Amino acid sequence: MKRIQVVCAVLRSGDRVLAVERGYGEFKGGWEFPGGKVELGESPEEAIRREIMEELGIAIRIEERLGRVEHDYPSFRLSMDCFLAEPLAAPSFKEALDHRLLRAEELGSVDFLPADRKILPWIVQALGRRS
């Protein structure tokens, strides 16, 4: 099975995190945390900074690595490194159909893609440490 290495950023603003509705590709319309593929020779930290700049037009400050999720989709295995980060400016949404800032108790209000669902407990825990 093909393996794809990606990164995602849980962008925190106070007690809320940013979720985006995917605007392209096989999973268009699904909700996720912004990010994308790691390029050859890139560290996960370099990849997430680049992806957020490309997708949202902003720099970020990484607060912590939340962990790595492995998820088998029908045609590939996804390996996703997840980071809690602070946006250093207001994002512009170039690729997303929609976006929402969600509190921990609101994370269940959107239909996250399966791999992103797996990190929800980490997010609740991280937000709890910062309240």
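A few remarks follow.
- Listed by Cβ neighbour count within 10 Å, with the fewest neighbours leading, PHE27, PHE112 appear as PHE27, PHE112.
- Cut-off 14 Å, label 7 Å out along Cα→Cβ of VAL110, residues of segment 77-95 by amide N: 91-95
- Among ILE60, ILE4, ILE48, the order by Cβ neighbours within 10 angstrom, fewest to most, reads ILE4, ILE60, ILE48.
- Rounded to the nearest 0.05, the FRET efficiency derived from the C-beta distance between ARG16 and GLU42 at R0 = 35 Å is 0.75.
- Label-reachable residues, segment 55-73, where backbone N falls under 11 Å from a point 7 Å from HIS99's Cα toward its Cβ: 55-59
- Per-residue Cβ neighbour rank within 10 angstrom, fewest leading, VAL6, VAL110, VAL20: VAL110, VAL6, VAL20
- The relative contact order of segment 1-120, computed from alpha carbon pairs under 8 Å that lie at least 6 residues apart in sequence, is 36 percent.
- Most mobile of GLU63, GLU105, GLU54 in a GNM of the chain (Cα contacts under 10 Å): GLU105
- Using a simple spin-label model with pseudo-atoms 7 Å out from Cα toward Cβ, ARG3 and ARG129 lie 2.7 nm apart.
- Gyration tensor over alpha-carbon atoms, the chain, equivalent ellipsoid semi-axes in Å: 20, 17, 15
- Available extension along the chain between ILE58 and ASP72 is 2.0 nm, counting 0.36 nm per residue and deducting the alpha carbon span.
All of the numbers you see were taken from the coordinates with simple rules; none came from a lab. Since the model is a prediction, treat every value here as computed from it, not as a measurement. For neighbour counting, all protein chains shown are included, and Cβ atoms are generated from backbone atoms with ideal geometry for every residue, glycine included.
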